[in-house]
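In what follows, a single structure is set out as structure tokens and then discussed.
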Amino acid sequence: GIDTDFDDDLRNTSTPDIGADEFDGIVDVEDKQTLPTEYALEQNYPNPFNPVTKIKFSVPSNVKRETSNVEMIVYNVMGESVSTLLNQKLLPGIYEIEFDGSELASGVYFCILGNGYEYKSMKMILVK
């Protein structure tokens, strides 16, 4: 039979399970969140809103799990930028940001999430 274990220590031959004497207890268990694989921009909630709404978005993991430069800009129907909500490097993950439209007129606005190569857009309605 096998008299030694993987690191040449003498095996406990009185235990019926081969290798059972190798483990002193639980090794390590972690609940890891699955990282997004693509950019995503979810519909704001509530929509229509007055004057504050929440916007949820995802930044994907790249091969090296590095940060990505992400920007989120709100535009009016004329294509004019009315608010830059975000312009910074972010780690991969799921985020939520709040948009306050209290200084804007009622109407339709477009939220654009981008990284310089890929863009996602969403329509929001501000009702006062």
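Counting only heavy atoms of the protein chains and using a 1.4 Å probe, residue 106 has close to 70 Å² of accessible surface. Modelled this way, with points 7 Å down the Cα-to-C-beta line, the labels at residue 52 and residue 80 are 2.6 nm from one another. One chain, two ends: residue 104 and residue 123. Fully extended at 0.36 nm per residue, the span grows by 5.3 nm beyond their Cα-Cα distance. Within the shell of other residues whose beta carbon sits under 15 angstrom from the beta carbon of residue 95, the net charge comes to -1, with Lys and Arg scored +1 and Asp and Glu -1.
The values are calculated or read from the model by the stated rules, or taken from the named source; none is laboratory data. Fair warning: this is a prediction, and the values are worked out from it, not measured in the lab. Note: ideal-geometry Cβ built from the backbone for every residue, glycine included; neighbour counts use all protein chains shown. Side chains are part of the model used for accessible areas, which takes the heavy atoms of the whole protein and leaves out ligands, DNA and RNA. Shrake-Rupley method; radii C 1.70, N 1.55, O 1.52, S 1.80 Å.
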